[in-house]
Structure formats: C-alpha cells, structure tokens
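Read the structure below first, then the notes.
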Amino acid sequence: MAKTNAVWGIDLGQCGLKALRCTLDSDGQTIIADKHDFIEYPKILGQPEADPEELIHEALVEFLSRNKVAGDRVAISVSGQAGLSRFFKPPPVEPSKLPEIVKYEVKQQIPFPIEDVIWDWQQLGGAVVEGRTQDAEVGLFAMKRDAVFRALKPFDDAEIAVDVVQLSPLSIFNVVCHDIIDQLPDPEDIDPDNPPESIVVMSIGTDTTDLIVTNGLRLWMRNIPIGGNHFTRHLSRELKLTQAKAEQLKRNARQSENPKAVFKAMRPVFNDLVNEVQRSLQFFLRNEKTATISEIVMLGNAAKLPGLRQYLNKQLEMDVAKISEFSKLKGNEVVSQPSFSSNVLSFATCYGLCLQALKQGAISTNLLPREIEVERIIRAKKPWVLASVSLLSLGLVLSYFFSTVAWWKVNPDFELDGRKWKESISQVKSKSSQSSSLVAKDAELKATQDKLDLISQELVSASEDKGGWIEVYSALSHAFPQDPAIKEVLDAGVQTVDPRDEKFGFEDRQEIYIDHIESVFHEDLSTWVSTIKPVFEKQFSITEEEMDEAQNAGVDADSVDVDVDSDGADGDGGLTETPGWVIEIRAHHFHNSSESMAQFNAGKRFVVNTLINNLLNKDDVELPAGDDPDRMFKYSDLGILYPTITRVTDFKDKLIIYDPTASALDQKARRGAGAHGPIRGRQPVTPLADPDEEEDVTAEATFSVREYNFVVQMAWVPRSPEERLLAREERRKAEAEAAQAAADEAAASETEDQ
C-alpha cells in the first residue's frame, strides 16, 4: 500500500500505550493532530504477576481495532535506559571528513563489538568557518541489536510496519526544540564563552525519569532510576495498602482523609528524586563551565503529583514551569478531547516521534536495522519487477514463435546462391567439432591454472601470520638487559671489546644470552595458566635458599625487598578458552659474582629484576600503530602475559678462552650469537697466536666465570594492530583510575589525620 503523508508516534510505556497521528498542514510547517489513543494496561508491566508480552499484545490489538495504520509511517520509542548515548567534540575539519571521524569514535566510544549494535549519529550545533566545521558536538546513539529486535517484536506480531526507532529522550528533545523553546539560536551567532541559557526537562515515567539539559543546540541527558511507581510502592508499604489503592491515593492525595500522612509517606521518594537531580545538574555544570540553567520543565503524568512541582521549586531553587498544552500542536478534534488534554504531559514522546517522522524534528537519527529498510525497499519494488519480467517473458515467447515459423521454412535441400542447407550444416558441424576441441583444451588449461592459483594462495596464507612473529621477536629483544659499558662502545662504532679489560670482563656482565627459543600452540591457554600461575606468583617472593645465600654473603635477607611490580600480568589475562602460543626461552648469564650476591642481584634474582620486570612493566616498546603517533606499548598490550621462570640450574664455573687473533668477521658472527668480541663457544679453543707465545696468550685470554642457566615461559595471544590499540587504551584507563583512587585515598587519609 502506498504511503500517506500521515505519521503515527507510538509509545509503549510501562503503564499503557500512547499513540498520536499527525500530518503537515498545506504550509509545510504546521503540525496537525487528527487522531490519538491512550490504552492503559490492566497491570503495570513491572509488577511480578504481569505478563508484559501478553499485555502489550492485547493493547496493540485493541489499538488496531480502533485505528487504521496501514499506509501511514510509524515511529516508535524505546526507553533511554535501553540505549547508549555518547557525545564528543570533533576537531575543526572539513564537513566531508566528519563521517570518517565519527566512524573512528564509534569504535572507541561504544563498549561492544560494532557488529552487535545498531548506531546512528548527528551533529549538534557548530558552524562552518573557512570551509571547516567548528564548535560542533556530535551525538552517538546506539542500542544492542537484540534489544532493537525485542522492541520491534510486538509490532511485527501485530503486522505493524515500523519506519523509525528512536530513544524517548531524543523524542522529547524534538518537542523541546519545536514547542518549548521560543526561538532557537543560530549556530553561527553563538559565542562559545557565553552560550544561551539551558532548560532542564524532567520526563517522569513509571519506573525511570529522563533528565535532559539543552539550550536548543547542545544536548546532555541522563536516566534516573526513580519514577512515578516508586511513589506508589512507598505509599503501599508505609500505609499498608494494595497497589491499586496506593495508586488511587497517590493521584488524589489532596482529597484523601489525611493528606499530611500521604505526603509524609512519599517524602523519602521526593528527597531521593531531588538528590539525583541535584547531583546530575552539578555534574553537568562542572563539565560545562559556561552553561547556565534558567528553568525546569516537567513532563509525564507523574509530574501532576500534588506538591511535586512546589517541592522541586523550593529544594532546587529554580522556576519549575507548568505545561498544560503544546502551543504549536494544532487539531481541535484531538487537543480539545479530555482524554488527550488530561494526559497531555504523557504524549510528549509521541509528539516528538511525529515531529521526526514529518522531518520537523531537531534529531533525525534512526535505530531501525538497515536490513529491514532494504527488505522493504525490495518489497516495494516487487510489483514493478514482476511487470518487467512478464513483459520480458511475453517478448521471448513472441520471439520464439517467429523464430519457429522461420525455422519451419528452412529445408535441408533448399538451395540459395548455389549452396544447400545440407552443405552449410556439414561445415557448421566441422567448426563445432573444432570448437569443442578448443573448449576442452581451454578447460584443461584453466583447471591447471586454478590448481596453481590454489597452491599460491596456500603459500601466501601460510606466511600471513609471520609478521606477528617478527613483531613479537622484535619486542622481546627490547626486554633483555644490555651492559651499559658494552652498549656505549658498540654505539660508538667499535667492532669488538676486549674481555681482558676489567671494564668489559665477563664477571657481572649485565647481559642475558639466549641459547634456544621454542613455541607451542594451545587451543585453550587456561590449562597452562592454571599450572603456571602459582609458579609465576612465587618467583617474586624470596625463597629459603635465597635467604641462605644472602646470609652467607653477609646480607640481612629480611631487609631485602623485591623491586618488581607483579601486577603487570593483568589477572588471568582473559585467557579462558582462548587459543594462543606458549613461548619458551632457554638462556644463561654471568652476573653472579660474590658482590652481586651480596647485593642480592645474582642468579634467579637478576633474571627477575631485569627480564621478568621488563616483560611486566616496560611500557616503551615501540611498534607500528597505524596513524596513531603514540607507538609505545606494554608487553601485555601485545598479548604477552605471565612471564615465568620455570626451571633453573645450580651455579657452575664456565671456562671461556678469548682469541685475540680471530678475524673481525668471525668476531661479528660470534657477537650475533650472544657474545661481544671474539669469544669462543662452550669448549676451550687453542689461540691462533705465535706458538712461542702461546703460554702467555693463553694465560691472558682464559677466564673462569660463574654461569647461571634458566628457562622462561610466557603466553602470547596474537593481537591485531586494532586490538593492541584497544588493549593499550583500556590499560591506561585502568591505570589512571587506580592512580586517581590512590590519590583520593591518600587525600582522605591526610584529611582524617588533620
């Protein structure tokens, strides 16, 4: 059915169904209401004995029995509590580039996978100056996909085609901009340091209150978990009444036998509502330093509660406006009806939906799933497609008919220009046979090509993940300590260092040498985590063996602190049912002199203080980060978690022989294997010097150092660049919150001490 120019705004509240039908006048601006409906449920949807689906279905059936909806556009509202709203101020950019900034912000601001939500955005305020949008604010509005389909289900069951899905606070914002604010300011005339006064709109529903602060351009909103039903429940509990009697008493408090007792019973809810409003407005004013508030507007039937307006006026010290009609809504057959005028405050959401559907609202975002819109477009074009197919079929039939007639006129013995059909058919068969041969050969070649393509794709896919390993190995190289003295001379361009020089000796060399790296893939890392976690936590504590070593070295072990922050493991890392790799590194070091032991920085403790500490807390690992200029990451951002020393060996003396006659190329190769300078392998090697001087060379080039061997394991969950950025952002946010909490605790402690 063709669409009309009429729209329905339908609000399925907790107490009942409200609906308003509007059209545009001939001037294209005046809104005319020509129908309305208000159906109260037998029970409030939130009551334990109520069946919400059944109550809503019965209300929609009754609504359809009294109203015709087919052909009209339909806009529905969903609770602001069910949606997510975020606001941000984009930098001055060209208007055409604003959508790209919004797409980036959506990924940052919405805390759900983007495929699981339906979202839309709108620019609020701002002006274009020299080709750039300035002083603008962008509102992002989203709902989880399953929540949208739950809201649409009652209408689908009732066969009502919904065209617009909107959050109820945004519908009310449309009403404020169209009907309550006398004249909207021009964005280009706004002074950012002196904006127009804002008004506060309190739309009090059954269970919640939507708080909206706006000056007609900027928008701020919050959902308060207090509504009209809270007054009813409090009356029922305090005065020992049934729910129905408490509701009746609430609506007629002034006519009751003891109004004072009624207001006294409701006072705690009055206080809670005022406290929430005050807290919200204080938060708004702290963030909007230049904003001022002129008045409060109350909407919803609960706003008619006796004494509420006066109480808010007194407690908030603000004018609370009383609204009895929508001045710009015309249509006497609706606005003059008692059923509408007595409930006019509860029709604000329906009015705002109609404004948006008629393209007269300040907000035009729509959370209707895109696939539903596409399906309706296709359905609307089906008749035209069927007509086109019918005409095409008719043309084909006629063509076939005339072709058949022509074919019957062809006779194999018919001769034209000295050539018979029989000869032509023979030539066609010959060419057809040749064509079939070429086609078969082409198919064979194509099959070979497809096989080669498949092999190439498999080869390419087999190397797709190599980039991640290169980045991991690059990042791990930054975790190993470097001896400052050796690094200084190597950075200066010196090719080798002489270990006979005390400055570069092996004893207490601040380096760790890798012997072997191994990796194993696990479909679920949680098993490995449960095994390694006790070992991981224990490595930071001082063992009895280490205490004995410290005491033998003359150190009071009780005075030694472990200077490593082990919180860098980030809990269990979210590794439950997560596939990933376990990387094992076998290595050794020579930082084991008696002096290092006396300083409690040898053996296992040197590994913990350097390699393990870096893997947990080093936050300046530089990796590519796309367009983000900040390229510094922590190892946990890359998915490297739980670095743990899993196996160690006793100290052993190692004989190292230095060959000063080795070539520079040989020295460089050995240095790449983990030793600086021409150091031979594990077995002693005869020097290449003059045999007559062999004894002296050997005496000078032989070193006996204490070696410590160990094994380190860690988990690695591969992460894409986007996942690394998100992990870094979440980590920094958590660290900032922890720092703020510590500062607040310190400030509170200082205050108590004073």
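With the condition kept exactly as written, say whether any residue in region 4-26 is more than 21 Å from CYS350 (Cβ to Cβ), assigned by TED's automatic domain parsing to the domain that holds ILE160 and part of a loop (DSSP other than H, G, I, E, B). Spell out the reasoning first.
Step one: of region 4-26, the residues more than 21 Å from CYS350 (Cβ to Cβ) are 26.
This time we only want the ones that are assigned by TED's automatic domain parsing to the domain that holds ILE160, so: 26.
With part of a loop (DSSP other than H, G, I, E, B) added as a condition, the list becomes 26.
Yes, region 4-26 contains a residue that is more than 21 Å from CYS350 (Cβ to Cβ), assigned by TED's automatic domain parsing to the domain that holds ILE160 and part of a loop (DSSP other than H, G, I, E, B).
Can you tell me which of LYS43, LYS68 is part of a loop (DSSP other than H, G, I, E, B) and under 24 Å from THR23 (Cα atoms)? Show your work before the answer.
Numbers: LYS43 fails: under 24 Å from THR23 (Cα atoms).
Going through LYS43, LYS68 in turn, the sole match is LYS68.
Residue by residue through region 118-137, note down the ones that are out of contact with any Pro (no Cβ under 6 Å at 6 or more places or on another chain), assigned to a strand (DSSP E or B) and closer than 28 Å to VAL78 by Cα.
Result: TRP119, ASP120, TRP121, GLN122, GLN123, LEU124, GLU137.
Would you be able to say whether some residue in region 455-466 is part of a helix (DSSP H, G or I), polar (S, T, N, Q), modelled with pLDDT of 85 or more and farther than 30 Å from LEU140 by Cβ? Quick ask: steps written out before the conclusion?
Kept after step one, since they are part of a helix (DSSP H, G or I), are these residues of region 455-466: 455-462, 466.
From the residues that got through so far, the ones that are polar (S, T, N, Q) too are 456-457, 461.
Adding the requirement that they be modelled with pLDDT of 85 or more leaves none.
Within region 455-466, not a single residue is part of a helix (DSSP H, G or I), polar (S, T, N, Q), modelled with pLDDT of 85 or more and farther than 30 Å from LEU140 by Cβ.
Condition first: closer than 15 Å to LEU60 by Cβ, part of a helix (DSSP H, G or I) and touching a strand residue (DSSP E or B) at 6+ places or on another chain (Cβ under 6 Å). Now tell me which residues in region 149-170 satisfy that.
Matches in region 149-170: ALA151 only.
Would you confirm whether or not region 84-105 contains a residue that is assigned by TED's automatic domain parsing to the domain that holds ARG150, over 30 Å from ASP191 (Cβ atoms) and in contact with a helix residue (DSSP H, G or I) (Cβ under 6 Å, 6 or more places away or on another chain)?
Among the residues of region 84-105, not one is assigned by TED's automatic domain parsing to the domain that holds ARG150, over 30 Å from ASP191 (Cβ atoms) and in contact with a helix residue (DSSP H, G or I) (Cβ under 6 Å, 6 or more places away or on another chain), which makes the answer no.
Please identify the pairs in which a residue from region 252-268 that is buried (at least 16 other Cβ atoms within 10 Å of the Cβ) has its Cβ atom under 7 Å from the Cβ atom of a residue that is among the small types (Gly, Ala, Ser), counting only partners at least 6 apart or on another chain.
VAL262/ALA253; VAL262/SER256; PHE263/ALA253; PHE263/GLY307
Looking for whichever is in contact with an Asp or Glu (Cβ under 9 Å, 6 or more places away or on another chain) and over 20 Å from ILE76 (Cβ atoms) here; the options are PRO195, PRO169, PRO154, PRO185. Which one fits? So that I can check it myself, show each step before the final result.
Working: PRO169 fails: over 20 Å from ILE76 (Cβ atoms); PRO154 fails: over 20 Å from ILE76 (Cβ atoms); PRO185 fails: in contact with an Asp or Glu (Cβ under 9 Å, 6 or more places away or on another chain).
Exactly one of PRO195, PRO169, PRO154, PRO185 is in contact with an Asp or Glu (Cβ under 9 Å, 6 or more places away or on another chain) and over 20 Å from ILE76 (Cβ atoms), namely PRO195.
With the condition kept exactly as written, say whether any residue in region 274-297 is in contact with a helix residue (DSSP H, G or I) (Cβ under 6 Å, 6 or more places away or on another chain) and free of Cβ contacts under 8 Å to residues at least 60 places away in the same chain.
Yes, region 274-297 contains a residue that is in contact with a helix residue (DSSP H, G or I) (Cβ under 6 Å, 6 or more places away or on another chain) and free of Cβ contacts under 8 Å to residues at least 60 places away in the same chain.
Would a scan of region 455-471 turn up a residue that is of a type in the set (Val, Ile, Thr) and touching a residue at least 60 places away in the same chain (Cβ under 8 Å)? Before the answer, list the steps.
Taking region 455-471 and keeping what is of a type in the set (Val, Ile, Thr), we get 455, 460, 470.
In the following step, the residues that additionally are touching a residue at least 60 places away in the same chain (Cβ under 8 Å) were identified as none.
The answer is no; no qualifying residue exists.
Listed residues ALA59, ALA70, ALA50; which is surrounded by fewer than 13 Cβ atoms within 10 Å (Cβ to Cβ), assigned by TED's automatic domain parsing to the domain that holds ARG233 and among the aliphatic types (A, V, I, L, M)?
On the way: ALA59 fails: surrounded by fewer than 13 Cβ atoms within 10 Å (Cβ to Cβ); ALA50 fails: surrounded by fewer than 13 Cβ atoms within 10 Å (Cβ to Cβ).
Selected residue: ALA70, the only one of ALA59, ALA70, ALA50 that is surrounded by fewer than 13 Cβ atoms within 10 Å (Cβ to Cβ), assigned by TED's automatic domain parsing to the domain that holds ARG233 and among the aliphatic types (A, V, I, L, M).
Residues in region 103-117 that are within 17 Å of VAL138 (Cα to Cα) and part of a helix (DSSP H, G or I): how many?
At the first step, the residues of region 103-117 found to be within 17 Å of VAL138 (Cα to Cα) are 103-110.
Pick out the ones that are also part of a helix (DSSP H, G or I) and you get 103-109.
Selection size over region 103-117: 7.
Listed residues GLU317, GLU288; which is closer than 23 Å to ILE181 by Cα, in contact with a strand residue (DSSP E or B) (Cβ under 8 Å, 6 or more places away or on another chain) and charged (D, E, K, R)? Even if it seems obvious, please write down each step before you answer.
Working: GLU317 fails: in contact with a strand residue (DSSP E or B) (Cβ under 8 Å, 6 or more places away or on another chain).
On inspection, the qualifying residue turns out to be GLU288.
If the requirement is being surrounded by fewer than 17 Cβ atoms within 10 Å (Cβ to Cβ), aromatic (Phe, Trp, Tyr) and in contact with a strand residue (DSSP E or B) (Cβ under 9 Å, 6 or more places away or on another chain), which of these qualifies: PHE536, PHE506, PHE521?
Working: PHE536 fails: surrounded by fewer than 17 Cβ atoms within 10 Å (Cβ to Cβ); PHE506 fails: surrounded by fewer than 17 Cβ atoms within 10 Å (Cβ to Cβ).
After ruling out the rest, the residue left standing is PHE521.
Every residue, every condition in (1) basic (Lys, Arg); (2) within 21 Å of SER203 (Cβ to Cβ); (3) surrounded by 17 or more Cβ atoms within 10 Å (Cβ to Cβ); (4) at pLDDT 90 or above, yes or no:
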position	(1), (2), (3), (4)
ALA2	no, no, no, no
LYS18	yes, yes, yes, yes
CYS22	no, yes, yes, yes
GLY28	no, no, no, no
ALA33	no, yes, yes, yes
PHE38	no, yes, yes, yes
PRO42	no, no, no, no
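Tell me which of these GLY493 doesn't satisfy, since it passes every other one: (1) without any contact (Cβ under 8 Å) to a residue 40 or more places away in the chain; (2) part of a loop (DSSP other than H, G, I, E, B); (3) surrounded by 15 or more Cβ atoms within 10 Å (Cβ to Cβ); (4) not β-branched (Val, Ile, Thr).
All conditions pass for GLY493, except number (3).
So in region 223-244, with the set limited to residues that are in a loop (DSSP other than H, G, I, E, B) and touching a residue at least 12 places away in the same chain (Cβ under 8 Å), which one is nearest to the chain's Cα centre (by Cα)? Can you show your working first?
Pass one, region 223-244, residues in a loop (DSSP other than H, G, I, E, B): 225-227, 239-242.
When the remaining residues are screened for being touching a residue at least 12 places away in the same chain (Cβ under 8 Å), the result is 225-227, 239.
Values: PRO225: 25, ILE226: 29, GLY227: 31, LEU239: 47 Å.
Out of the qualifying residues, it is PRO225.
Can you name the residue in region 123-151 that is touching a residue at least 60 places away in the same chain (Cβ under 8 Å) and among the aliphatic types (A, V, I, L, M) and is also farthest from PRO369 (Cα to Cα) among such residues? Full working, then the answer.
Filtering region 123-151 down to residues touching a residue at least 60 places away in the same chain (Cβ under 8 Å) leaves 124-127, 137, 139, 141-143, 145, 147-149, 151.
Imposing the further condition that a residue be among the aliphatic types (A, V, I, L, M) reduces the set to 124, 127, 142-143, 147-148, 151.
Working: LEU124: 23, ALA127: 31, ALA142: 11, MET143: 10, ALA147: 11, VAL148: 8, ALA151: 12 Å.
In this case the residue turns out to be ALA127.
Taking the residues in region 466-490 that are among the charged types (D, E, K, R) and farther than 26 Å from VAL582 by Cβ as candidates, determine which candidate is farthest from the chain's Cα centre (by Cα). Give the steps one after another, and end with the answer.
To start, the set of residues in region 466-490 that are among the charged types (D, E, K, R) comprises 466, 471, 483, 487-488.
Among the residues that remain, those that are also farther than 26 Å from VAL582 by Cβ are: 483, 487-488.
Values: ASP483: 42, LYS487: 43, GLU488: 45 Å.
That would be GLU488.
Yes/no per residue for (1) on the phi > 0 side of the Ramachandran plot; (2) buried (at least 20 other Cβ atoms within 10 Å of the Cβ); (3) not assigned by TED's automatic domain parsing to the domain that holds PRO90:
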position: ARG132; (1), (2), (3): no, no, no
position: ASP135; (1), (2), (3): yes, no, no
position: PHE141; (1), (2), (3): no, yes, no
position: ASP146; (1), (2), (3): no, no, no
position: PHE149; (1), (2), (3): no, no, no
position: ALA158; (1), (2), (3): no, no, no
position: ALA161; (1), (2), (3): no, no, no
position: SER168; (1), (2), (3): no, yes, no
position: SER171; (1), (2), (3): no, yes, no
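Quick test of your reading of the structure: PHE606 fulfils all but one of (1) surrounded by fewer than 22 Cβ atoms within 10 Å (Cβ to Cβ); (2) in contact (Cβ under 8 Å) with a residue 40 or more places away in the chain. Name the failing condition by number.
(1)
The values are calculated or read from the model by the stated rules, or taken from the named source; none is laboratory data. Just so it is clear, the model here is predicted, and its values are computed rather than measured. For neighbour counting, all protein chains shown are included, and Cβ atoms are generated from backbone atoms with ideal geometry for every residue, glycine included.
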